[in-house]
Structures are given as structure tokens and as C-alpha cells.
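All remarks here apply to the structure that follows.
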Amino acid sequence: MSEATDDDDALVARLSLSVTRLARILRQQEGKGLSPAAAAALATIITDGPITLGELAVAEQVSPSTITRVVSGLERRGLVERVIDPTDRRVHRVRMTRRARRAIEVYRSKRNAWLAEQLGLEDPAARERLATAVKVMESLTASAGPDPVEQQAEVDASVDVPAVVD
């Protein structure tokens, strides 16, 4: 590996700021949505679920009472459900519902429409440079693994999962 230069430091700072701003703008495309705590908890449930409330509290670095309140709100919105652990019936776990997956798909659709509109304002050379940058960003984030929402959809399609009443 080569040694970092001042130019690299400046690039890292610009990239970090740009990614943070873009993430904020994309979150705003959802409109009226979840609180940051609820969105973070739902993301963890999607990634790591089904998960116990204790495991979720540890993952989110909040108190058990806080996570109980957050999960209750997600449950009222029909985004998560509590299920009994098949190996220990005393344990309840939380998992995302089909409604949550649909909500995520709608959100992604809105976000992608906004991005497509913005890219349409750029010239072809800029879009080509962005395509190259996206490959680099995909490489940087590859260790995060595949999309857990898509993985859960594949699992649900392969087994008979009871529908969630809307």
C-alpha cells in the first residue's frame, strides 16, 4: 500500500462529507418517516433478525426500556412482529414484516427516482465518471454483504410465510 498524501486526506474528507450529505438527502425523500432511532432499529432487525429485544438493545447501544418503546412503535406501524423462538419457547424475537419490506421497496423507489432525476441533469461524461466512482464505492462496501431485505424476500418466497394483515 502506498502512503497517504495530503491530496488523499482532502479526498477522504470530501468523500465523507459528500456521502453524508447524499445519505441525508436520500433519507428525506421518504417524507414523513421513522425517527432515526426507529429507522436504525428496523435496519438492525432487517440485517440481524429475528433478534431478541436484549440483542437489539445491545446492538443499538440503548437501554432495554428504550428499545422496548422503539419496537412497540414499529410493531404498531406493522413493520415488525414478535415471534416465539422455535428452539426456546420462552424467548421472543422480533422480525420484519412483509409490510416493512413493501415500505422499504417504496422508499427505495422514491429515492431511486430522485437520483435518476438528478443524474438526468448531468452530462454523459459526468455520468460515466460517476459509474466509475460507483464501482469504487461498491468495492468499499462489499464487506457489508448482500442486501438483507432482498435475502429475506427470497426466503419468504421459498417458504409459506403467513401474510401480515395491513
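Give the residue that is nearest to E81 (Cα to Cα), with candidates limited to residues of the range 55-65 that are without any contact (Cβ under 8 Å) to a residue 12 or more places away in the chain and either surrounded by fewer than 18 Cβ atoms within 10 Å (Cβ to Cβ) or in contact with a strand residue (DSSP E or B) (Cβ under 8 Å, 6 or more places away or on another chain) (or both). Only one residue tops the list, namely E55. Within the range 116-166, being modelled with pLDDT of 65 or more, not charged (D, E, K, R) and not in a helix (DSSP H, G or I) holds for one residue alone: L121.
The values are calculated or read from the model by the stated rules, or taken from the named source; none is laboratory data. Keep in mind that this is a model prediction, so the values were computed, not measured. Here Cβ is always computed from backbone atoms with ideal geometry, including for glycine, and neighbour counts include all displayed protein chains.
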